[in-house]
1. Just the residues that are in a strand (DSSP E or B) and either away from the ligand (no atom under 14 Å from the Cβ) or modelled with pLDDT under 95 (or both), please, taken from segment 36-66.
2. Under 9 Å between Cβ atoms, at least 6 apart or on separate chains: pull out the pairs that start in segment 54-70 with a residue that is among the polar types (S, T, N, Q) and end on any residue that is away from the ligand (no atom under 16 Å from the Cβ) and at pLDDT below 95.
3. For PRO548, only one of the following conditions fails: (1) at pLDDT 90 or above; (2) of a type outside the set (S, T, N, Q); (3) closer than 24 Å to HIS95 by Cα. What is its number?
4. Residues that are modelled with pLDDT of 95 or more and closer than 30 Å to GLN334 by Cα: which strands (runs of 3 or more DSSP E) entirely in segment 397-513 hold 1 or more of them?
5. Yes or no: segment 207-218 includes at least one residue that is among the aromatic types (Phe, Trp, Tyr) and within 16 Å of the ligand (Cβ to nearest atom).
6. Taking into account only those residues within segment 143-187 that are within 16 Å of the ligand (Cβ to nearest atom) and among the charged types (D, E, K, R), which is surrounded by the fewest Cβ atoms within 10 Å (Cβ to Cβ)?
7. Which one of these does ASN414 not meet: (1) at positive phi; (2) within 31 Å of the chain's Cα centre (by Cα)?
Amino acid sequence: MKNWKSMILTAAVFAGCGVKAPEPYGALPTPAQVEWQKMEFNMFVHFGPNTFTNVEWGDGTESVDVFAPTALDCRQWAAIAKEAGMKGIIITGKHHDGFCIWPNPESTHTVAQSKWRDGKGDIFKELSEACREYGLKFGVYISPWDQNDPHYGTPEYNEVFRRTIEHAHTNYGEVFEQWFDGACGEGPNGKQQVYDWDLFNGEVYRHHPNAMIFTDVGPGCRWIGNESGIAGETCWSTLNIKGFGPGRQAPPKKSLNGGDMNGEAWVTGEADVSIRPGWFWRESENDDVKSLDHLLYIWYNSVGHNSLLLLNVPPDTRGLINESDQARLKEFRQALDEIFSTDYADGAAIEASHVRGRGYEAANLLDDDYDSYWTAEDDVRQATLTLSFNEPRTFNRVQLQEYIPLGQRVCGFNIEALDADGNWKRIGESTTIGYKKIVLTDMVTTTGLRINITDALAVPVLNGLSLYKDEIYKGYVYAGTNSDALWYKLDVPLEWSADEKTLVKGFIYSPDHEDNCITRYRLEASVDGQTWTEVFANKRFDNIVNNPIPQEVIFKKPIEAKALRLIPIETREDDGYASREFAAVL
Ligand code: FUL
């Protein structure tokens, strides 16, 4: 009844003067932000001296000549990205060691000073051209933290960094995304820098007004709060940014991961993760490329949680994407194609409990036009969309899309399917939708499905509803590196010992994925288990806080030892407990 009444009413309005579109709600994306989110899947490329030195963070003292790819081919990277269905590539032009893989005239620590290609190499040039050839967008990561630049830690450095941005943004065509790492450590003179973010962002916009600027608070897009590629189940593109900034001023992890309902600014999450444990290639990780199941888990938790997936695929010392990563990407693409190529909602009959009027019918949810959407009268906050099929259909993924140019609105919904007895049975539920939400359900075979929107900030506006069948994903479970037995108080050193003296190449410390870990340590070795000599006085585990993967530290030369002990100097949290998984590499 209600349905008919509202249809008659809205039809009358339409007949008189046309049905007005709903007003936009809350913080809104720019057209460039909408186009960016539609990219969904991009490639991150970490490449630099670290590729050759087996570390995650170089310290700026490495020789420029360590960077010496033997068979560099950026067209290979672009071809692989294209085949994987990615839409753009973001390359680390300068990481925390300060080394620039393009001839940045602001620095003396670049490819121009190296012997590689007689100092004429320029990876920005080669990659931007390859991207253009393959129809991909080109983006750059430039780290403000610089452990080589002598100006770092002085106000002058901000100007040096501004000009660095200028060089990167003037010579290589369009730059679709500028990735700013918030890390702010010490420079060569031991000082930290106070970054002038307005200056940096202004410089990007001066050259590329539509570029997406990535930091912890945007203004283009935000860090998702982890380096595992996982966005919150509840994930708002809106974020409270007042009083926050990049790096140490970042909003709380919970806000980065899930956004803020009614947040002040539109800053969609970008989920960055490496296809390997580390960000840079190293030979020892060739067998540790993430499994297909792990990648699908990441897809559902990033793209399927209203975020963009930025997947790092680091080239090896040849300057090529390694065969193992290439093979896995191929498998991943095939799986995505298989899962998402057939939409089981196609051809279904669809009805909505509320329709705003002509032009806003529920059928708009099933067409291919991004800009046609279903919506209801302004005061509606709860509504039901009902799909019916002539023949039973089988699926286990329900994908919904909000029409984000008008803002993000839905806070809660559930999904029901008709069972064999004709009863509606709940098969799934979730909170936010945003640009895209994929709900994983059990496999159901049914003739009817309904989506009940239970709560929204303003009248719901949805432009997509699809149903898919995934018979590939098994359900990825994080394997913790830790057991309770290895989770001890840190008041005693972590020890490894052998029956007799042996040659030790290094050690591995494995943090727990979720919990506290050691970030700085002192390492001692003993030949008899009685007397100890210092190997490292005070050393950091690079990037262990954001990416808690096993830390393999290989000594410059193997040492003779019967025992090793690791003495914590600093931990991520101050609770006195941390993972104690520690072993020698022989
Ligand atoms: C972090 C860096 O410290 C890592 O090395 C890596 O580049 C990652 C993407 O961002 O903050």
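The values are calculated or read from the model by the stated rules, or taken from the named source; none is laboratory data. On a predicted model such as this, the values are computed, not experimentally measured, just so you know. As a convention, Cβ positions derive from the backbone with ideal geometry for all residues, glycine included, and neighbour counts pool all protein chains shown. When the accessible area is computed, the model is the full protein with side chains, heavy atoms only, and any ligands, DNA or RNA have been set aside. Shrake-Rupley method; radii C 1.70, N 1.55, O 1.52, S 1.80 Å.
1. Result: PHE41, single match.
2. Within 9 Å, the pairs are ASN54/SER284; ASN54/ILE554; THR61/PRO188.
3. Looking at each condition in turn, PRO548 falls short on (1).
4. Answer list for segment 397-513: 410-418, 424-430, 437-456, 461-468.
5. Within segment 207-218 (the criterion being among the aromatic types (Phe, Trp, Tyr) and within 16 Å of the ligand (Cβ to nearest atom)), the answer is yes, since at least one residue qualifies.
6. If we take residues in segment 143-187 being within 16 Å of the ligand (Cβ to nearest atom) and among the charged types (D, E, K, R), then GLU186 is surrounded by the fewest Cβ atoms within 10 Å (Cβ to Cβ).
7. (1)
Okay, residues lined up against (1) open to solvent by less than 10 Å² (accessible area, probe 1.4 Å); (2) at pLDDT 95 or above; (3) more than 16 Å from the ligand (Cβ to nearest atom):
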site: ALA68; (1), (2), (3): no, yes, yes
site: ASP73; (1), (2), (3): no, yes, yes
site: ILE89; (1), (2), (3): yes, yes, no
site: ALA130; (1), (2), (3): yes, yes, yes
site: LEU136; (1), (2), (3): no, yes, yes
